[in-house]
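Quick notes on the structure that follows.
The values are calculated or read from the model by the stated rules, or taken from the named source; none is laboratory data. This structure is a prediction, so every number in the text was calculated from the model and none was measured. So basically every Cβ, Gly included, is an ideal-geometry build from the backbone, and we count neighbours across all protein chains shown.
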């Protein structure tokens, strides 16, 4: 941030520059991840999670995602610009061997909490109309992650605009979190399970693609984003999740056949 302030200043044009760079980067990640996962899915048709085929228009999802990514990029720009201008409660912590992993995990945990409870609110009668467009994709694809309404996007990604005001996350760590978020969420919507492992099931807290796929399939389970903590604590994890992860592990090992549902 010091480099940017010294060479480009702190005026409104810097905010615009943040937005343009972040939005362009988001589009590159969108298409790179989407095309990569499409190739992987075609090579492993046996890893498809649902028997049902997607019925929605991929082009529609791509157009919607491009629009929603502009909102996400704006939120991220607000947070970074506020940090640049010194409007936050604390200056960002300097990069070091301990601050990078520590604040990356802190940011993931905070965002996961933000996402879980915001997601639960979106499933209430009052707010579901804003989330419904995203749930029109009962069988998600890699292109449907960001597709939805603007209110839906703000529920999930206003985190990026607000958290830096109170948590001194280094900007490069914050950008790394956002990159991880976009890529992992796209994989979580790809419809094929490539990453099932013991760390993605009880007693470990990590997730694989099946987790969010089941949310689209059953609607009232698996609300979290990165970890299973909140769903397990609140009793909203799908009852077959851990068992089905084991089934995919057996499929990878060639010792069993994953039953699709």
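What do you reckon, is residue 152 surrounded by 16 or more Cβ atoms within 10 Å (Cβ to Cβ), modelled with pLDDT of 95 or more and in contact with a strand residue (DSSP E or B) (Cβ under 8 Å, 6 or more places away or on another chain)? Taking the combined requirement at face value, the residue does not satisfy it. Consider residue 233 carefully, then state whether it is free of Cβ contacts under 8 Å to residues at least 60 places away in the same chain and under 27 Å from residue 179 (Cβ atoms). So residue 233 does not fit the description; no. Quick check on residue 245: is it surrounded by 21 or more Cβ atoms within 10 Å (Cβ to Cβ), assigned to a helix (DSSP H, G or I) and touching a residue at least 12 places away in the same chain (Cβ under 8 Å)? Yes, satisfied. Screening 35, 22, 95 for residues that are under 20 Å from residue 185 (Cβ atoms) and touching a residue at least 24 places away in the same chain (Cβ under 8 Å) leaves exactly one candidate, 22.
Test residue 60 against the criterion of being part of a helix (DSSP H, G or I) and either farther than 19 Å from residue 177 by Cα or under 23 Å from the mean Cα position of the chain (by Cα) (or both), and give yes or no.
On the way: part of a helix (DSSP H, G or I): yes; either farther than 19 Å from residue 177 by Cα or under 23 Å from the mean Cα position of the chain (by Cα) (or both): yes.
Against the criterion (part of a helix (DSSP H, G or I) and either farther than 19 Å from residue 177 by Cα or under 23 Å from the mean Cα position of the chain (by Cα) (or both)), residue 60 qualifies.
Pick from the stretch 98-109 the residues that are over 13 Å from the mean Cα position of the chain (by Cα) and surrounded by fewer than 20 Cβ atoms within 10 Å (Cβ to Cβ): which of them is farthest from residue 150 (Cα to Cα)? That would be 98.
Any residue that is part of a helix (DSSP H, G or I), touching a helix residue (DSSP H, G or I) at 6+ places or on another chain (Cβ under 8 Å) and surrounded by 14 or more Cβ atoms within 10 Å (Cβ to Cβ) - is there at least one of those in the stretch 89-96? Talk me through it step by step, then tell me what you get.
First pass over the stretch 89-96, keeping only residues part of a helix (DSSP H, G or I): none.
No: zero hits.
The number of residues in the stretch 177-194 being assigned to a loop (DSSP other than H, G, I, E, B) and either without any contact (Cβ under 8 Å) to a residue 12 or more places away in the chain or under 16 Å from the mean Cα position of the chain (by Cα) (or both) comes to 3.
Among the criteria (1) crowded, with 19+ Cβ neighbours inside 10 Å; (2) part of a helix (DSSP H, G or I), the one residue 137 does not fulfil is (2). When 108, 95 are checked against the criterion of being farther than 21 Å from residue 26 by Cα and at pLDDT 95 or above, 95 stands alone in meeting it.
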